[in-house]
Every structure is written in structure tokens, then in C-alpha cells.
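The values are calculated or read from the model by the stated rules, or taken from the named source; none is laboratory data. Quick caveat: nothing in here was measured; it's all calculated off a predicted structure. For neighbour counting, all protein chains shown are included, and Cβ atoms are generated from backbone atoms with ideal geometry for every residue, glycine included.
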Amino acid sequence: MHTVVIGGGIIGLTTAYHLLQAGGTVTVVDARATGLGAADVNAGWVVPGDAMPLPGPGAVANALKWMTRSDSPLYIRPSLKLDFLSFMFGMFRASNGRAQRAGLEASLKLAEDSVHLFDDYRADGMDYELHHEGMLMAFQDQELMGHHLGYVDLTSRFGLEPTVLLGDDVRAHEPLLNDSVRGGLYYPKDLHLDPGAFTKALVARLRALGAEIVENAPIDGAEVRDGRVRSVSSGARTFTGDAFLVAAGAWSGNVSKLFGAGVGIPIRPGKGYCIEMAPYGLRSATNLYDSKVAITPFDGRLRIAGTMEFGPLDETINQVRVQAILRAPSGWLRDWEPPTATEISPRAGMRPMAPDGMAVLGRLRKLDNGYVATGHGMMGVTLAPGTARVMTDLILHGRENAVLDPFSPARFRGGR
Ligand SMILES: Cc1cc2nc3c(=O)[nH]c(=O)nc-3n(C[C@H](O)[C@H](O)[C@H](O)COP(=O)(O)OP(=O)(O)OC[C@H]3O[C@@H](n4cnc5c(N)ncnc54)[C@H](O)[C@@H]3O)c2cc1C
């Protein structure tokens with residue numbers, strides 16, 4: 001069974017690897033070099049306990065409040081276009097505690113038993129930086145912390161062993177936090193990895209296993225007959241296969257539309273930034289939760305990531321937001337000195353966002369052999385191995401794992 005994977009980001013590459021391991025053959029086609037999408041920009045965290053969908057209680061009020069500030073952590077660029085309005089309506093409809101809890105539970109199931117696969121990938125010869133120091137969520141606002149404490153029963157049930165740190169306990173755990181921090185939640189089993197090194201290692205391993213990797217070939221056409229995709233094309237170049245997987249991240253909405261009327265899925269970009277600087281000495285990956293800033297200590301450097309900006313498909317860098325990300329830790333950490341503008345090279349990446357904040361995984365409407373794996377939002381690294389496993393089962397063996405149900409493209413008008 002030969003699968004054409006459209007998109008060589010973390011989701012496309014990981015799925016291609018699992019397809020090969022399970023006996024399939026693959027061609028991965030990317031619009032540019034592989035691994036340059038959101039995969040290259042993210043914080044590298046594997047944090048299933050934090051995998052709740054973005055819409056939740058208070059999301060609407062926060063979005064409205066932050067829309068007026070050019071340096072806010074969440075920004076929605078207003079538009080009167082119908083697809084934008086319908087996306088926002090879907091997002092606001094999902095902004096409630098019940099949907100968010102159900103979404104977290106679905107993601108925990110998808111990630112269950114798959115986090116250890118990052119160790120297995122290394123054991124299979126992929127060389128990339130991987131840390132097992134856990135992740136600390138730090139809170140200044142008690143109400144926000146209370147909201148997350150409300151999920152501890154669920155994350156404990158999935159064996160994540162969260163530790164609640166109240167008051168000074170959080171500083172005993174991480175002495176670099178200042179007195180403004182009221183508490184924290186530590187997930188000892190969480191991991192972090194260098195996402196750029198991971199995608200490079202995947203590509204090298206895929207090539208060694210016989211995959212065809214085609215770069216600089218944006219898919220811009222598809223031939224569909226009798227409910228089956230026959231080929232996809234990039235200009236004059238055609239790619240044939242038995243199955244076709246759309247894993248084009250934030251571009252997946254546009255790519256899925258190439259397969260015909262009613263097939264498209266509503267994915268929009270949620271832009272974020274990352275900046276690298278000199279190391280700072282944090283014990284583990286640390287989420288400055290109220291500021292929505294993620295800090296990742298790597299060997300010899302520190303990566304700071306943040307901001308969720310809903311707008312067009314556009315990777316240009318907004319310096320106001322970059323500076324806001326760099327300033328934020330001053331309110332949380334002792335002796336934090338933001339680097340100067342000349343010391344940094346910020347990068348932007350677009351998270352693939354569905355209106356309800358959930359991944360979109362399964363067979364595309366009206367197609368027997370067309371599939372999609374996208375919409376991972378803030379959790380594409382965390383959910384990559386679980387996604388790759390269930391999608392491989394579906395594509396190669398037609399097995400519809402119940403874990404997939406909440407992620408079905410059928411939940412959207414035009415899905416099935
Ligand atoms: C600032 C930031 C921090 C983040 N931190 C984390 C984190 O710590 N942990 C976590 O789990 N997640 C994190 N994420 C989210 C994660 O990065 C994404 O969910 C993930 O990268 C999505 O993977 P993807 O493969 O779907 O998309 P991408 O990595 O964007 O890959 C999509 C690929 O499709 C290609 N493509 C596009 N159009 C076409 C076309 N027409 N034909 C062929 N190819 C095409 C692109 O070139 C690209 O290579 C973060 C994201 C951002 C922006």
C-alpha cells in the first residue's frame with residue numbers, strides 16, 4: 001500500500017515513519033523544505049496533561065479584552081468574511097468547561113501509551129535532543145490555577161502524576177520564580193525535545209527506510225474519480241498512490257479543498273513566535289501560564305515561545321509581539337534580562353487550528369482513500385506519535401479506533 005503524505009511537518013513525517021514501520025511505502029511531498037512549518041518554531045514540549053482545547057470558560061471575554069491590545073498573548077484580527085465568522089462562531093460555541101474537559105480527555109487517550117515512543121524513535125537511530133525533566137505550569141492568578149486544578153483528577157487517571165505546589169512550595173521546586181507566583185502544577189513525566197532536530201532525524205530515517213521525500217513541490221491539484229483520489233499534482237508533476245493523507249498543518253484547509261466541493265475542513269492559522277537566547281538555569285520546561293509564555297531549557301540555550309494570533313496565512317514577524325514575549329518573564333523570574341533586539345532572530349510559525357480547538361483526524365468526506373491529520377493547534381508535538389499510530393491503523397488496515405471519534409472530520413459541515 002503506497003501513501004502520498006502531503007506536508008512534511010511533524011505530523012506528516014511521524015505518520016510516514018509509522019506507515020513504513022507497519023509495512024507500507026510512502027512519498028512525502030512538501031511545499032518547501034520539510035520541517036519548516038510550525039514544527040520548526042515550537043517549544044518542543046510533550047505535555048499531554050496540558051492538551052485541553054484552546055476554547056474554554058472565559059475564552060470569549062479574554063479574547064474581547066485582548067483584541068484591543070497590540071501586545072496581548074491572544075489576538076484575533078477581525079474580518080467580515082463568512083468563513084472567518086463561522087470559525088469564530090464555532091470557537092465561541094466550544095468555549096465552555098464541559099467541551100474543554102471532554103477535549104482534554106480525548107487528547108489524553110490519543111497520547112496514552114505513545115509518549116514513550118520518543119525514546120523508541122531514538123533507539124531506532126534518530127539522533128535528537130530529548131529531556132525527561134517534566135514541565136512546570138506556574139500561576140500568578142489563583143482562579144486560573146483553580147481551573148487547572150479541576151483537571152488533576154483526569155490527568156491523574158491517565159497516570160501523569162501531577163504535583164500541586166501551593167505558595168512557597170512552587171519556589172522550593174523552582175527557586176528562580178519570584179514572589180508574584182502563587183502556585184504551580186508540576187508534571188514530572190512530561191518531556192521536551194528539540195523539534196527542528198527531531199524532524200531532521202525523522203527525514204534522515206525515512207530516507208534510510210526507503211521513503212521518497214519530495215521538497216519544493218506545493219500540491220496544487222488533485223484528480224478524483226468515483227470517490228477515489230487517483231493522484232495529486234504540483235504544477236506538471238504528478239504523484240500517484242493508494243491512499244492520500246493531508247497533513248499540511250495550517251495550510252490543510254486549502255489543500256483539502258483541492259479534493260472537491262464539500263471535502264474541505266475549516267482550519268485557520270494561529271500564529272506564534274519563538275526566540276532563542278543564552279541559557280538561564282531553569283530546572284525544567286516552564287509555562288508562565290497567565291502570560292501564555294513557554295520557556296524551554298535546551299543544552300546551551302533557552303527557547304521562549306508564545307502568542308496566539310488568529311489572522312491570515314502569513315508567517316511575517318510582528319516585533320511588538322516578539323518584544324512582549326521577551327518582556328513577560330521579567331514579571332515572573334528573578335534576575336531576568338531580556339536579550340537586546342540585535343541578539344535575537346525570532347521565528348514565526350502557524351499552528352493549525354480548528355474552531356473547537358481539537359485535532360481533525362480521519363477519512364475525508366466523499367473519499368474512500370483520502371485522509372486528514374491536522375488541527376493539532378498547540379499540541380502537534382505532544383500528539384504526533386498517537387496520531388501517527390491511529391492514522392497508520394486506519395490507512396493500512398481500515399481500523400477505525402474509537403479514540404478517533406472525537407476528532408472526526410464529520411463534526412464539521414461538509415465532513416462525514
Ligand atoms: C510558538 C509555538 C509553540 C508551540 N509549542 C508546542 C509545544 O511545545 N508542544 C506541542 O505539542 N506543540 C507545540 N506547538 C504546536 C505544533 O508546533 C503544531 O501543532 C505542529 O507543528 C503542527 O504540525 P503539522 O505537521 O500539522 O504542521 P507544520 O509543522 O506546520 O507542517 C505543515 C507542512 O505542510 C507543508 N505544506 C503546506 N502547504 C502544502 C502544500 N500545498 N503541499 C505540500 N506541502 C504543504 C508546509 O510547508 C509544512 O512543512 C507550538 C506551535 C507554535 C507556533
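Details
- Residue satisfying condition, being farther than 22 Å from VAL5 by Cα, buried (at least 21 other Cβ atoms within 10 Å of the Cβ) and more than 15 Å from the ligand (Cβ to nearest atom), within set TRP332, TRP336: TRP332
- Test result for ASP153, at negative phi, in a helix (DSSP H, G or I) and loosely packed, with under 15 Cβ neighbours inside 10 Å: yes
- The range 11-44 - residue that is surrounded by fewer than 24 Cβ atoms within 10 Å (Cβ to Cβ) and in a strand (DSSP E or B) and, of those, farthest from the ligand (Cβ to nearest atom): THR25
- Among the residues making up the range 86-117, a single one is closer than 30 Å to GLU133 by Cβ and touching a strand residue (DSSP E or B) at 6+ places or on another chain (Cβ under 6 Å): VAL115.
- Residue that is farthest from GLY7 (Cα to Cα), among those in the range 346-399 that are among the charged types (D, E, K, R) and near the ligand (Cβ under 9 Å from one of its atoms): ARG347
- Residue in the range 120-143 that is nearest to PRO329 (Cα to Cα), counting only those that are within 22 Å of the chain's Cα centre (by Cα) and surrounded by fewer than 18 Cβ atoms within 10 Å (Cβ to Cβ): GLU133
- Inter-residue pairs, beta-carbon under 6 Å, first within 19 Å of GLY9 (Cα to Cα) and without any contact (Cβ under 8 Å) to a residue 60 or more places away in the chain and in the range 252-274, second more than 10 Å from the ligand (Cβ to nearest atom) and not in a loop (DSSP other than H, G, I, E, B), 6+ apart: none
- Residue among ALA236, ALA222, ALA247, ALA243 that alone is closer than 15 Å to VAL26 by Cβ, more than 8 Å from the ligand (Cβ to nearest atom) and of a type in the set (A, V, I, L, M, F, W, C): ALA243
One line per residue, one yes/no per condition, for (1) within 12 Å of the ligand (Cβ to nearest atom); (2) assigned to a helix (DSSP H, G or I); (3) more than 22 Å from GLY362 (Cβ to Cβ); (4) not small (Gly, Ala, Ser):
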site: ARG205; (1), (2), (3), (4): no, yes, yes, yes
site: ALA217; (1), (2), (3), (4): yes, no, yes, no
site: VAL229; (1), (2), (3), (4): no, no, no, yes
site: ALA261; (1), (2), (3), (4): no, no, no, no
site: ILE265; (1), (2), (3), (4): no, no, no, yes
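- In the range 364-376, the residues that are farther than 19 Å from ALA388 by Cα reach residues that are of a type outside the set (Phe, Trp, Tyr) and buried (at least 24 other Cβ atoms within 10 Å of the Cβ) with C-beta atoms within less than 7 angstrom, at least six apart or across chains, in these pairs: ARG365/PRO409; LEU367/VAL229.
- Pick from the range 267-300, criterion away from the ligand (no atom under 14 Å from the Cβ) and not in a loop (DSSP other than H, G, I, E, B), ranking: surrounded by the fewest Cβ atoms within 10 Å (Cβ to Cβ): MET277
- Residue ID - nearest to ILE304 (Cα to Cα), chosen from residues in the range 68-85 that are surrounded by 14 or more Cβ atoms within 10 Å (Cβ to Cβ) and of a type in the set (A, V, I, L, M): LEU74
- Candidates PRO57, PRO78, filtered to the one that is modelled with pLDDT under 95, farther than 30 Å from PHE298 by Cβ and within 22 Å of the chain's Cα centre (by Cα): PRO57
- Residues of the range 309-343 that turn out to be out of contact with any Pro (no Cβ under 9 Å at 6 or more places or on another chain), within 24 Å of ALA59 (Cβ to Cβ) and assigned to a loop (DSSP other than H, G, I, E, B), as a count: 2
- The single condition among (1) free of Cβ contacts under 8 Å to residues at least 24 places away in the same chain; (2) within 12 Å of the ligand (Cβ to nearest atom) that ARG303 does not satisfy is (1).
- Residue match in the range 347-364 (condition: surrounded by fewer than 16 Cβ atoms within 10 Å (Cβ to Cβ) and under 29 Å from ARG182 (Cα atoms)): no
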